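Take a look at the structure below.
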Amino acid sequence: MNTEAALAALLRKDRAIALVALITLTTIAWAPVLLLAQSMAHMAAMRGMTDMPGMTDMPGMHGDPLGMMSRVFRQWNAGHFLAMLSMWTVMMIGMMTPSVAPMILIYTRIARCNAVLRPFASAFWFAGGYLLCWTGFSLLATLTQWGLEQLALLTPMMASASHVFGGLLLILAGIYQWLPIKQACLSQCRAPLTFVMSHGGFRADPAGSVRLGLQHGLYSIGCCWTLMALLFVGGIMNLLWIAALMIFVLLEKLLPASRNFARISGLGAATLGIGYLF
């Protein structure tokens, strides 16, 4: 009985440590996003002031009121690219860490229960592989943002500047919710133990654990990439839109009837997209 009580105490301690670490990581990731969004909102307000009669004659407001913002959002150099990549990376970490939390907590619990028979690599190696995968996605998202800005399809606030473009993205996301590849990736994300067992089980070495995290990250991207693309519709720095997508991803992976939830939401997105087009 003492042994069982000690094991239960260790499990609670490990779970608490992992949970605190996940919450801390999510908070750290959200902090710069909040600061940048606040800064951009202030810049947008300044832009709005220059549209008032007489405001263009104020010092520093003469001429194109968007001059400063144009330099920030349209002139891409190495420094700006790294800044945008950092922004996407911390945003993806902040949005996707909550949805992988159940997997990491299960990993931590099983690792402790099997510590004597077969020690596993720390769950943080697995989490590192998962987040590394989303960092790669952030690179693709940054390149996509650059391309869209060159085509003038994004506003300086990094939202869709075209109803056609926004509508097509919504329709794409809606259709993808019904495709078999979406359901296959979602099933891997919703059943952590099934995923692990079908990919060789938990790993004892850090490299193997990172690789397992990368594989899980790929399934997560396969499940969510069109949802992340919708950031270009509502605005990359629109905090309510970011939070709504994060909650949607979490619900999609946790709700019992996730298949129906995904398909119903797909119909809604496609319908909204058609409304955008017309």
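The values are calculated or read from the model by the stated rules, or taken from the named source; none is laboratory data. Please read these numbers as outputs of a predicted model, since none were measured by experiment. Every residue, glycine among them, receives a Cβ derived from its backbone with ideal geometry; neighbour counts consider all protein chains shown. Only protein heavy atoms, including side chains, enter the accessible area calculation; ligands, DNA and RNA are left aside. Shrake-Rupley method; radii C 1.70, N 1.55, O 1.52, S 1.80 Å.
Structure summary
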quantity	calculated
Only listed residue being in contact with a helix residue (DSSP H, G or I) (Cβ under 6 Å, 6 or more places away or on another chain), surrounded by fewer than 21 Cβ atoms within 10 Å (Cβ to Cβ) and aliphatic (A, V, I, L, M), chosen from ILE110, ILE175, ILE171, ILE104	ILE171
Test: residue in the stretch 106-119 that is more than 19 Å from LEU230 (Cα to Cα), modelled with pLDDT under 90 and in contact with a Ser or Thr (Cβ under 8 Å, 6 or more places away or on another chain)	yes
Cβ pairs under 6 Å, 6+ apart, first in the stretch 135-159 and under 14 Å from MET237 (Cα atoms) and polar (S, T, N, Q), second part of a helix (DSSP H, G or I) and open to solvent by 20 Å² or more (accessible area, probe 1.4 Å)	THR142/LEU85
Residue under evaluation GLN215, criteria (1) more than 29 Å from ALA83 (Cα to Cα); (2) touching a His at 6+ places or on another chain (Cβ under 8 Å), criterion not met	(1)
Answer from VAL210, VAL164 - the residue that is touching a residue at least 60 places away in the same chain (Cβ under 8 Å), under 19 Å from GLY128 (Cβ atoms), of a type in the set (Val, Ile, Thr) and assigned to a helix (DSSP H, G or I)	VAL210
Number of the condition not met by PHE202 [criteria: (1) open to solvent by 60 Å² or more (accessible area, probe 1.4 Å); (2) not in a helix (DSSP H, G or I)]	(1)
In the stretch 227-278, the residues that are among the aromatic types (Phe, Trp, Tyr), assigned to a helix (DSSP H, G or I) and open to solvent by 60 Å² or more (accessible area, probe 1.4 Å)	TRP241, TYR276
